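Colleague: Mind having a look at this structure? Questions to follow.
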Ligand code: SER
């Protein structure tokens, strides 16, 4: 069967880059980008779609005879705390619509990203295993923990092939994150290449797991391509990239911009970060579908600086 993919949340931080990667792999006419936000021009097919509206979602799936859905839309951890019930409603309603449409329309595979936000105070902070006890402290984390279990439920009960990854913070030059606790790790690079000072909302030594965008995109595609019988986890896989604190990124950037200065003014996001793991055990993903991250902090910093300098049309390093 010809693969036809619908990406929901195609204009978000991950969606922006993942959509292009999927278009490259499956061609422009077989990838339908969709988002609630209509204001950017997309190469390829774009549909304005409110995924809380099941009829709209069904219509798009039927119109394009979709076989796979990547459901990336969600309100993230920090933004979610502003309006917990709205966040729960949006994150869960969109997921239920995707799961139900997948069941009804016999969608072949669904990708649903989960997050390290599912972990709370009860999980070990270092090398957190995939089966750690989950007691998330943010509404975003609660919605992802519930979502993982619903994903597994739809797989076991209805055979809907939902696949999921618990993403750490994602760092990329192509797009901006919005409303997350890990967003500082992208902003810091923009400030560095613009040679501006940066104020960080986390403590300097708050280590969190992070992943370079290229690895994040590759992980989604590799998991979706893995043979079904090799997958032993139907909630969500842990994946690890690099475990880094703001001061580590600061030091890495200073190798290129020696006068780069970071001030620290931790806010409520520090409380959120403190309950998340600082490093992740991804051995089950490595075993089941061969997951391996490929960037170190310094190789990532090099690419981030190079690409952002080109983006801002700056020629000479700091
Ligand atoms: N980057 C996300 C956040 O900070 C974690 O999944 O909310």
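No value in this document is a laboratory result; all are computed from the given coordinates. This one's a predicted model, so the numbers in the text were calculated from it and none came from an experiment. For neighbour counting, all protein chains shown are included, and Cβ atoms are generated from backbone atoms with ideal geometry for every residue, glycine included.
Colleague: Which residues among the stretch 56-93 fall inside the zone where the amide N is under 18 Å from a point 7 Å beyond the Cα of residue 104, along Cα→Cβ?
Modeller: Under cut-off, by backbone N: 56-71, 92-93.
Colleague: What is the stretch 85-228's relative contact order, in percent, from Cα pairs under 8 angstrom and six or more apart in sequence?
Modeller: Relative CO of the stretch 85-228 lands at 24 percent.
Colleague: By how many nm would the segment from residue 89 to residue 157 grow when fully extended, if each residue of separation counts as 0.36 nm and the alpha-carbon distance is taken off?
Modeller: Between residue 89 and residue 157, full extension yields an extra 22.2 nm.
Colleague: Further question: In the calculated pair distance distribution of the stretch 193-235, what percentage of Cα-Cα distances lie above 14 Å?
Modeller: Distances greater than 14 Å cover 71 percent of the Cα pairs.
Colleague: If each DSSP helix of 4+ residues adds -39,500 (n - 2.57) and the sum is divided by the residues in the chain, what number results at 222 nm, nearest 500 deg cm²/dmol?
Modeller: -12500 deg cm²/dmol
Colleague: While we're here: Can you give the percent of C-alpha pairs in the stretch 153-216 whose distance is more than 15 Å?
Modeller: Here the tail beyond 15 Å accounts for 62 percent of pairs.
Colleague: Same structure again: Points 7 angstrom from Cα along the Cβ direction at residue 196 and residue 283: gap in nanometres?
Modeller: Between residue 196 and residue 283, the label points sit 4.5 nm apart.
Colleague: Give me the compactness ratio for the stretch 137-269, meaning the Cα radius of gyration over 2.2 N^0.38 Å.
Modeller: Relative to the 2.2 N^0.38 Å estimate, the stretch 137-269 comes out at 1.25.
Colleague: Does the stretch 200-318 classify as rounded, prolate or oblate by the C-alpha gyration tensor (a ≥ b ≥ c root eigenvalues; a/c under 1.5 gives rounded; else a/b over b/c gives prolate, otherwise oblate)?
Modeller: Judged from the Cα gyration tensor, the stretch 200-318 comes out oblate (a/c at least 1.5, b/c at or above a/b).
Colleague: Angle, helix 84-104 long axis vs. longest principal axis of the chain, Cα atoms, 0 to 90°, nearest 10?
Modeller: The angle comes out at about 40 degrees.
Colleague: Note down the relative contact order for the chain as a percent, whole number, built from C-alpha pairs under 8 angstrom at least six residues apart.
Modeller: Rounded, it is 18 percent for the chain.
Colleague: How much length would be gained if the chain were fully extended between residue 3 and residue 261, taking 0.36 nm per residue of separation minus their Cα-Cα distance, in nm to one decimal?
Modeller: Fully extending the segment from residue 3 to residue 261 adds 88.1 nm.
Colleague: Can you grab the distance from the C-alpha centre of the stretch 54-127 to the C-alpha centre of the stretch 209-254, Å, no decimals?
Modeller: 18
Colleague: Could I ask something else about it? Take the Cβ-Cβ distance between residue 59 and residue 232 as r, set R0 to 35 Å, and report the resulting FRET efficiency rounded to the nearest 0.05.
Modeller: The computed FRET efficiency comes out at 0.50.
Colleague: Something else now. When only C-alpha pairs under 8 Å and at least 6 residues apart count, what is the relative contact order of the stretch 165-318, in percent?
Modeller: 35
Colleague: Let me ask something else about it. With a ≥ b ≥ c the root eigenvalues of the C-alpha gyration tensor of the chain, is it rounded (a/c under 1.5), prolate (a/b larger than b/c) or oblate?
Modeller: It comes out prolate by the Cα gyration axes.
Colleague: Further question on the same structure: Report the residues of the stretch 136-175 in range of a label on residue 36: point 7 Å along Cα→C-beta, backbone N strictly under 20 Å from it.
Modeller: Zone members listed by number: 138-148.
Colleague: I would also like to ask the following. In the chain, what % of DSSP beta bridges are antiparallel (nearest 5)?
Modeller: The answer is about 10 percent antiparallel.
Colleague: In nm, to one decimal, how far is the residue 50 label point from the residue 96 one, both placed 7 Å along Cα→Cβ?
Modeller: It is 1.7 nm.
Colleague: Relative to the longest principal axis of the chain, what angle (0 to 90°, nearest 10) does the C-alpha long axis of helix 54-63 take?
Modeller: Rounded to the nearest ten degrees, it is 80.
Colleague: Could you state the angle between the C-alpha long axis of helix 13-26 and the longest principal axis of the C-alpha atoms of the chain, as a value from 0 to 90 degrees rounded to the nearest 10?
Modeller: Tilt of helix 13-26: around 60 degrees.
Colleague: Continuing with this model, one more query. Can you give the log10 of the normalised intensity I(q)/I(0) at q = 0.15, 0.18, 0.22, 0.28 Å⁻¹, computed with Debye over equal Cα scatterers of the stretch 61-130?
Modeller: -0.65, -0.83, -0.98, -1.19
Colleague: From Cα coordinates alone, what are the radius of gyration and Dmax values for the stretch 1-111 in angstrom?
Modeller: Rg, Dmax (Cα atoms, Å): 13.5, 44.
Colleague: Quick one: give the max-minus-min coordinate of the C-alpha atoms of the stretch 115-180 along each principal axis, largest first, in Å.
Modeller: 39, 31, 22
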